[in-house]
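Read through the structure below, which is laid out as structure tokens, and then see the notes.
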Amino acid sequence: MTYIISDIHGEYELLLELMDKIGFSDRDLLYVGGDMIEKGDSSVRVLELLRDRPNVRCILGNHEQAFLDYYHHLMRTSEDYEWVLSELKKYLGTDGELLTWDTVDWLEALPYYIETDDFILVHAGVGLDGEQRVLPLKETPNEIFLYDRGFKRPDRIPKDTRCVFFGHTQTSAVSPSGKDEILIYTKAGQMLYAIPSDAEKAGAARNTVSIEGLAKVHLDLGTYISGRLGAFCIDNCTAYYVSR
């Protein structure tokens, strides 16, 4: 199975609980849409967990970019690498002492987006032309992938493309009921809450949505604030949630 999450923000225990809930194994794939660090207490533990799994693919979010910008600033300031690492440890706060150069190098090598045959993964958004078609990713400024706040709008429905997964802004900011749940948008422009994994047990209707019928999926649940973390499975278009 293939799962996508975003905006973990240092919530290591919730990440462990979510991976346990989905039964994540070596046969599965997990994609992470950036903002793995800061806010929560366990940024480095989150990074190390994701870094060490060969079946996990990650991209940069704006918080990782800010960390890397600070790192590059320090490297221009001094050739004392031990001092640079000590400053980076301070930057990441509570568990920063666990930071190693291997993790810094891993972060620096991460891409700004991932595209597969089934979907595009970005942190914040993609560029759209006047017809709301996705602009070529290789020609899109990285700032759009990292910081765009407009893509979350319900009327921004990408046309003629694979499903776009994104985070960056809490879903409750745009959902009609203010719920912290994963939002899916059909290619017809309909906004829906992703059906949770335990919905059928509660007698809900069977999920008939497929990844081919989706235009975009909004993943950020504001985990540090809401205490909820969610994963979306592209194989059955089902959402899995854990809470503090």
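Pop out the ³J(HN,Hα) list for region 10-15 in order, Karplus 6.51 cos²θ - 1.76 cosθ + 1.60 with θ = phi - 60°, rounded to Hz; leave Gly and Pro as x.
For region 10-15, the Karplus-derived couplings read x, 8, 4, 5, 5, 5 Hz, x marking Gly and Pro.
Which of TYR185, TYR241 has the fewest other C-beta atoms within 10 Å, and how do the rest follow up to the most?
Fewest to most other Cβ atoms nearby, the residues stand as TYR241, TYR185.
Tell me the mean residue ellipticity at 222 nm calculated for the chain from its helices only (DSSP H runs of n ≥ 4, each -39500 (n - 2.57), averaged over every residue, nearest 500).
-7500 deg cm²/dmol
Rounded to the nearest 0.05, what FRET efficiency do TYR81 and LYS21 have when you use their Cβ-Cβ distance and R0 = 41 Å?
0.55
Is region 60-123 rounded, prolate or oblate when judged by the Cα gyration tensor, a ≥ b ≥ c being the square roots of its eigenvalues, rounded requiring a/c under 1.5 and prolate requiring a/b larger than b/c? If you can, show how the numbers build up before the last one.
Details: a/c = 2.65, a/b = 2.16, b/c = 1.23.
Prolate is the answer for region 60-123, as a/c is 1.5 or above and a/b outweighs b/c.
Please give the helix 62-77 orientation as an angle from the longest Cα principal axis of the chain, in degrees from 0 to 90, rounded to the nearest 10.
It works out to around 20 degrees.
Tell me which residues come under 5 Å, amide H to amide H, from GLY61 once H is placed; ignore anything under 5 positions away on its chain.
Here ASP35, MET36 satisfy the definition.
Quick one: go through region 80-116 and flag any residue whose amide nitrogen is under 12 Å from the point 7 Å out along the Cα-to-Cβ line of ASP41.
94-95
Find the relative contact order for region 2-243 and round it to a whole percent, using C-alpha pairs within less than 8 Å whose residues are 6+ positions apart. Present the calculation step by step, with values, prior to reporting the outcome.
Numbers: 509 pairs, mean separation 51.1, N = 242.
Relative contact order comes out at 21 percent.
When PHE145, PHE24, PHE67 are ordered from fewest to most other Cβ atoms inside 10 Å of their Cβ, what list results?
Working: PHE145 28, PHE24 19, PHE67 22.
Fewest-to-most ranking of PHE145, PHE24, PHE67: PHE24, PHE67, PHE145.
Given H placed 1.01 Å from N in the peptide plane, which residues other than close sequence neighbours of PHE165 have an amide H under 5 Å from its amide H?
Amide H to amide H, under 5 Å and 5 or more residues apart or across chains, PHE165 pairs with ILE120, LEU121, VAL122, VAL217.
Which distance in Å, rounded to a whole number, links the C-alpha centroids of region 96-166 and region 1-45?
18 Å
Could you list MET1, MET19 in order of exposure, starting from the residue whose Cβ has the fewest other Cβ atoms within 10 Å?
With the fewest neighbours first, MET1, MET19 line up as MET1, MET19.
Using C-alpha positions alone, give me the convex hull volume of the chain per residue in cubic angstrom. Present the calculation step by step, with values, prior to reporting the outcome.
Numbers: hull volume 30.4 nm³, N = 244.
With only Cα atoms used, the chain gives 124 Å³ per residue.
Values quoted throughout were computed directly from the atomic coordinates according to the rules given, and no laboratory measurement underlies them. No experiment lies behind these values; they were computed from the predicted model shown. Glycine also receives a Cβ, built like all others from the backbone with ideal geometry; neighbour counts cover every protein chain displayed.
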